[in-house]
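*Asks:* One structure, as C-alpha cells, below. Some questions next.
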Amino acid sequence: MLLRFLSFVVFQALGALAGWYLAAPAAAVKFSLLGLVVGGLCWFVVDMTRSLRLQHWLRKGDMSDVATVSGVWGEIADRARRLVRAKEQALRDSQNRLHEFLLALQASPNGVVLLEAQGHIEWFNQMAGTHFGLDAKRDMLQHFSNLVRDPGFASYFAAHDFKSELDMPGRDSTPSRPVKLSVQLYPYGEGRLLLLSRDVTALEQADAMRRDFVANVSHEIRTPLTVLAGFVETLQTLPLNESERVHYLALMSTQAQRMQSLVQDLLTLSRLEGSPPPSFSERVNMPTLMRQLQEDGASLSSVLTGGLDKAHVLVFDAILDCEMTGSGHELLSAMSNLLSNAIRYTPAGGGIRVRLALLPDDRVEFSVRDSGPGIAPEHIPRLTERFYRVDRSRSRDTGGTGLGLAIVKHVAQRHGAELHIQSTPGKGSVFSIVFPNNRVNLSIA
Ligand code: ADP
C-alpha cells in the first residue's frame with residue numbers, strides 16, 4: 001500500500017516539476033499545481049489500465065495466459081492465480097478419488113446401483129447391469145422400477161421398508177435354469193438409495209442339495225431301523241421256537257449290515273471330500289491290487305449266487321504290469337465298487353471281464369465289462385448322483401447303498417482320471433476309469 005501511495009506521490013511530483021520547468025517564472029506556481037493534478041490523473045489512468053487488464057484475465061479464466069501486471073494488481077493477480085490453481089488441484093484430486101471409488105465398486109462381486117430420491121438410476125456397476133439387464137448408455141437416469149418389472153420388487157420398493165433382503169428371479173432366469181438374486185436397498189444422503197444385489201443361485205442349489213442329502217440319508221437309515229425295531233418287538237413279544245429265532249436274527253443282522261455299509265460309504269465320501277488330493281509319492285503295484293480285487297470279487301460272487309457252481313465267470317485278462325501313483329486305499333475302493341456292481345447286477349452265471357490296459361496315448365484304462373441287464377441311456381448321466389438308483393429293489397437286495405458310483409467318481413477326479421460308462425439295455429455295461437499318464441509308471445514292467 002505504501003508503494004502505491006509513493007508511486008502516486010512520485011507521479012504528482014513529476015507533474016509538478018514538469019509544470020515548474022515548462023512554465024514562465026511568473027506562472028510557475030500555477031503550472032506546478034496544474035502539473036500536480038495532471039500527474040495524479042496520469043497515475044490514475046495507469047492504475048486503471050492495470051486493473052482492467054487484471055479484470056480481463058480474471059473474466060477469461062485462462063490460467064495458461066497469465067496477465068503480466070506489476071504493482072499491487074500484479075500481486076492480486078498472483079494470489080488469484082495461486083488460489084485458482086489450488087482449487088483446480090483439489091478438484092482433480094477429488095475427481096481421481098471418485099474415479100478410484102467407482103473402480104472399486106466396479107470390481108465388487110455384488111451388483112451396486114445408486115438411485116436418486118425419486119428412484120432414477122444415477123450409476124450402476126457392470127455386475128448390476130448383468131443382474132438386471134441394464135445398459136449404461138440406454139438406462140442411465142431411467143426410473144429403476146420401469147426397468148425391473150418384477151412384481152415382488154415393485155411392492156418391496158413401494159413399501160419403503162428396506163430392513164430385510166428380497167429374493168427375486170434374475171433377468172436370465174428360466175424354469176430349466178433358475179437364477180436367484182438377493183436384493184436390498186439402503187437409504188443414504190438426502191433420500192437417495194443404494195441398491196445391492198447378490199447372485200444366490202449357487203447358494204440356493206447347495207442348500208437344496210444339502211436338504212435332499214439329509215432327507216435321503218434319513219430315509220436310507222429309517223428303513224432298516226424300522227425293520228430292526230419290528231423284529232426286536234417280535235422277539236420280545238412272541239414265544240418263538242429256536243429255528244424262528246435264528247431266522248429273525250439273520251434278518252436283523254442283514255439290516256444292521258445294511259446300515260453299517262451306508263455309514264461306511266458316507267464316511268468314505270466325507271473323507272474324500274475333506275482331504276487333500278492324493279500325493280504322487282505313494283506307489284501302488286497294480287498286479288497286486290488286481291489279485292486282491294479278483295479274490296474279493298470271487299467270494300462276493302459265490303456269496304450272492306449261493307455257491308461256486310452258479311457263480312459268475314470272472315475273467316481278469318490283459319493286466320498291465322505297472323505302478324500307479326496315488327492312494328492305494330482309494331483306488332481299491334473305486335475299482336472294487338465297479339466290480340461289485342457288475343457282480344451284483346449281473347445274473348448268476350453271467351460273464352464279467354476286468355482289464356487294465358495301456359491306451360495308444362499312454363493313458364491307462366481300468367475297465368469292468370459285464371453281461372448284465374444294461375442301463376437305459378436316460379439314466380447314465382445321473383448314475384454318479386448320491387442315492388440315484390435305476391432299480392431300487394435290486395440295489396437294496398444285493399446290499400447296495402446308492403453311493404458306490406459317487407465314490408468312484410470322486411476317487412477318479414482326485415487322481416485326475418475320467419469315469420466312462422457305456423451300456424446297452426439287455427446286453428450289458430462297461431464301466432471304465434481312464435488314468436492320466438503322469439500317474440502311471442511302466443518301468444517296472
Ligand atoms: P448301488 O449301491 O445302488 O449299486 P451305485 O452308485 O453303485 O449304487 O450305482 C448306482 C446305480 O447304477 C445302481 O443302483 C444301479 O441301478 C446302476 N448300476 C450300477 N452298476 C451297474 C451295472 N454294472 N449294471 C447295471 N446297473 C448298474
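The values are calculated or read from the model by the stated rules, or taken from the named source; none is laboratory data. Since this is a predicted model, take the numbers as computed values, not measurements. Backbone-built Cβ (ideal geometry, glycine too); neighbour counts: all protein chains shown. Accessible surface areas use protein heavy atoms only, side chains included; no ligands, DNA or RNA. Shrake-Rupley method; radii C 1.70, N 1.55, O 1.52, S 1.80 Å.
*Asks:* I want to verify the translational diffusion coefficient of the range 364-445 in µm²/s; compute it with Stokes-Einstein, Rh as the Kirkwood radius over Cα pairs, at 25 °C and 0.890 mPa s. Spell out each step's value before the answer.
*Replies:* Working: Rh = 13.9 Å.
This corresponds to a translational diffusion coefficient of 176 µm²/s.
*Asks:* Karplus couplings for the range 167-174 from phi (6.51 cos²θ - 1.76 cosθ + 1.60, θ = phi - 60°), rounded to Hz, Gly and Pro as x?
*Replies:* 9, 9, x, x, 5, 8, 6, 10
*Asks:* What does the range 189-228 give for Rg and for Dmax, in Å, if only its C-alpha atoms count?
*Replies:* Using the Cα atoms of the range 189-228, the pair Rg, Dmax is 20.5, 68 Å.
*Asks:* What percentage of the solvent-accessible surface of the chain, computed with a 1.4 Å probe over protein heavy atoms, is contributed by carbon and sulfur atoms?
*Replies:* 59 percent
*Asks:* Continuing with this model, one more query. Working only with C-alpha atoms, what are the Rg and Dmax values of the chain, expressed in angstrom?
*Replies:* 45.4, 165
*Asks:* Relative to the present Cα-Cα distance, how much length would full extension add between His160 and Val246 at 0.36 nm per residue of separation? Could the numbers behind the result be given before it?
*Replies:* Numbers: separation 86, 0.36 × 86 = 30.96 nm, distance 7.11 nm.
Answer, rounded to one decimal: 23.8 nm.
*Asks:* Relative to the compact globular guide of 2.2 N^0.38 Å, what is the alpha carbon radius of gyration of the range 43-102, as a ratio? If you can, show how the numbers build up before the last one.
*Replies:* Numbers: Rg = 15.5 Å, N = 60, 2.2 N^0.38 = 10.4 Å.
Against the compact-globule rule of thumb, the ratio is 1.49.
*Asks:* Moving to a separate point now. If eta is 1.002 mPa s and T is 20 °C, what Stokes-Einstein diffusion coefficient results for the range 2-100, Kirkwood Rh from Cα pairs, in µm²/s?
*Replies:* Taking Rh from Cα pairs, D becomes 131 µm²/s.
*Asks:* Report the accessible area of Trp20, computed with a 1.4 Å probe over the heavy atoms of all protein chains in place, in Å² rounded to the nearest 10.
*Replies:* So the heavy atoms of Trp20 present about 150 Å² to solvent.
*Asks:* Okay, next question. Could you tell me the relative contact order of the range 289-417? Use alpha-carbon pairs under 8 Å, at least six residues apart, and round to a whole percent.
*Replies:* Details: 160 pairs, mean separation 30.8, N = 129.
About 24 percent, as a whole number.
*Asks:* So, one more: Take every DSSP beta bridge with both residues inside the range 283-404 and express the antiparallel ones as a percent of the total, to the nearest 5.
*Replies:* The antiparallel fraction comes to roughly 60 percent.
*Asks:* Once the cut-off is 24 Å, how many percent of the Cα-Cα pairs in the range 277-445 end up in the long-distance tail? Can you show the working numbers first?
*Replies:* On the way: 4580 of 14196 pairs.
Tail of the P(r) past 24 Å holds 32 percent of the pairs.
*Asks:* Related question: Rolling a 1.4 Å sphere over the protein heavy atoms, what is the accessible area per residue of the chain, to the nearest Å²? Before the final figure, lay out each step's value.
*Replies:* Numbers: 26540 Å² over 445 residues.
Result: 60 Å² of accessible area for each residue.
*Asks:* In addition: Would you kindly derive the ³J(HN,Hα) couplings of the range 137-142 from the backbone phi angles with the Karplus curve 6.51 cos²θ - 1.76 cosθ + 1.60 (θ = phi - 60°), listing them in order in whole Hz, with x for Gly and Pro?
*Replies:* 7, 7, 9, 4, 6, 7
*Asks:* Where does the chain land at 222 nm, in deg cm²/dmol rounded to the nearest 500, when only DSSP H runs of n ≥ 4 count, each adding -39500 (n - 2.57), divided by all residues?
*Replies:* -18500 deg cm²/dmol
*Asks:* Express in % the proportion of alpha carbon pairs of the range 108-199 at distances exceeding 18 Å.
*Replies:* 39 percent
*Asks:* What are the ³J(HN,Hα) values, in whole Hz, obtained from phi via the Karplus relation 6.51 cos²θ - 1.76 cosθ + 1.60 with θ = phi - 60°, for each residue of the range 373-386 in sequence order, with x given for Gly and Pro?
*Replies:* Once θ is set to phi - 60°, the couplings for the range 373-386 become x, x, 10, 5, x, 5, 8, 4, x, 9, 4, 8, 6, 5 Hz.
*Asks:* Based on DSSP H assignment, which helices of the chain show an axial Cα extent of at least 20 Å together with a mean Kyte-Doolittle hydropathy greater than or equal to 0.5?
*Replies:* Span-like helices in the chain: 2-22, 28-60.
*Asks:* Still on this structure, I have one more. Taking 0.36 nm per intervening residue step and subtracting the Cα-Cα distance, what contour gain separates Ala298 from Tyr21 on full extension?
*Replies:* Here the segment from Ala298 to Tyr21 would lengthen by 85.7 nm.
*Asks:* Each label point is 7 Å from the Cα along the Cα-to-Cβ direction; what then is the distance between the points at Val10 and Ser145, in nm?
*Replies:* In this crude label model, Val10 to Ser145 measures out at 7.4 nm.
*Asks:* Could you name the lysines in cross-link range of Lys409, using Cα to Cα under 26 Å and dropping any fewer than eight places away on the same chain?
*Replies:* Excluding near neighbours in sequence, the set is Lys427.
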